[in-house]
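One structure below.
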Amino acid sequence: MKILVINGPNINFLGIREKGIYGTENYESLVRSLEDKGRAEGHEVEVFQSNYEGGIIDRIQAAYSDGTEGIIINPGAFTHYSYAVRDALASVSMPKVEVHISNVHKREEFRHTSVTAPVCDGQVVGLGLKGYALAMDYLTGR
């Protein structure tokens, strides 16, 4: 299975930003663990990160025709207000899982609403970086 993992703004700063919320593991180790898990299970995993809304939208649109069979997305702050990212996700028919490292429902009020979750098959929140692996397990039927 070809899986696309999309990370939004500031996710590339894992291990640097708000360690009490996001942990001390850096972004490179997240990417490596996702690629290793995919390879071990016989899946192709591409990890993409952008701090720009347009970059994320362009990558979702490219997934329509590049053979991507499932998307894992952590839209970062775009989760809460980007109808453009939401519409891009809605435009592609493959299964999609939204992931959040922290439990957004225990944080600031503005983080309680996701405009992107309603166009995803499911959502994993608050389980740290393990949430990505769980999302991959869902997509691959494990």
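The values are calculated or read from the model by the stated rules, or taken from the named source; none is laboratory data. No experiment lies behind these values; they were computed from the predicted model shown. Cβ atoms come from the backbone with ideal geometry, glycine included; neighbour counts cover every protein chain shown.
Looking for something within 19 Å of PHE13 (Cα to Cα), among the β-branched types (Val, Ile, Thr) and crowded, with 22+ Cβ neighbours inside 10 Å - is there at least one such residue anywhere in the range 79-95? Yes; the residues of the range 79-95 include at least one that is within 19 Å of PHE13 (Cα to Cα), among the β-branched types (Val, Ile, Thr) and crowded, with 22+ Cβ neighbours inside 10 Å.
Test GLU53 against the criterion of being farther than 15 Å from VAL5 by Cβ and either surrounded by 14 or more Cβ atoms within 10 Å (Cβ to Cβ) or in contact with a Lys or Arg (Cβ under 8 Å, 6 or more places away or on another chain) (or both), and give yes or no. When the stated conditions are applied, GLU53 passes them. Of the residues making up the range 55-76, those that are more than 13 Å from LYS96 (Cα to Cα) and not hydroxyl-bearing (Ser, Thr, Tyr) are GLY55, ILE56, ILE57, ASP58, ARG59, GLN61, ALA62, ASP66, GLY67, GLY76. Within the option set LEU4, LEU89, LEU14, LEU34, being touching a Cys at 6+ places or on another chain (Cβ under 8 Å) and not basic (Lys, Arg) holds for one residue only, LEU89.
Flag: SER114 does not match the condition of being within 12 Å of ASN74 (Cβ to Cβ), touching a residue at least 60 places away in the same chain (Cβ under 8 Å), more than 11 Å from the chain's Cα centre (by Cα) and in a loop (DSSP other than H, G, I, E, B). On inspection, GLU53 fails the criterion of being under 15 Å from ASP121 (Cβ atoms) and not basic (Lys, Arg). Looking at this structure, is ASP36 without any contact (Cβ under 8 Å) to a residue 60 or more places away in the chain, surrounded by fewer than 17 Cβ atoms within 10 Å (Cβ to Cβ) and closer than 17 Å to LYS2 by Cα? Judged against the criteria, ASP36 is a match. The requirement of being touching a residue at least 24 places away in the same chain (Cβ under 8 Å), in contact with an Asp or Glu (Cβ under 8 Å, 6 or more places away or on another chain) and of a type in the set (Val, Ile, Thr) is satisfied by VAL47. Comparison of VAL5, VAL92, VAL104 shows that the only residue that is in contact with a Lys or Arg (Cβ under 8 Å, 6 or more places away or on another chain) and either farther than 22 Å from ALA133 by Cα or not acidic (Asp, Glu) (or both) is VAL104. Annotation: ARG142 fulfils all but one of (1) in contact with a helix residue (DSSP H, G or I) (Cβ under 7 Å, 6 or more places away or on another chain); (2) at pLDDT below 95; (3) within 14 Å of MET1 (Cβ to Cβ); the unmet one is (1).
Annotation: of all residues in the range 102-131 being among the β-branched types (Val, Ile, Thr) and farther than 14 Å from VAL5 by Cα, the one that is surrounded by the most Cβ atoms within 10 Å (Cβ to Cβ) is THR116. Candidates in the range 56-78 are the residues that are assigned to a loop (DSSP other than H, G, I, E, B) and surrounded by 15 or more Cβ atoms within 10 Å (Cβ to Cβ); of these, the one that is nearest to the chain's Cα centre (by Cα) is PRO75.
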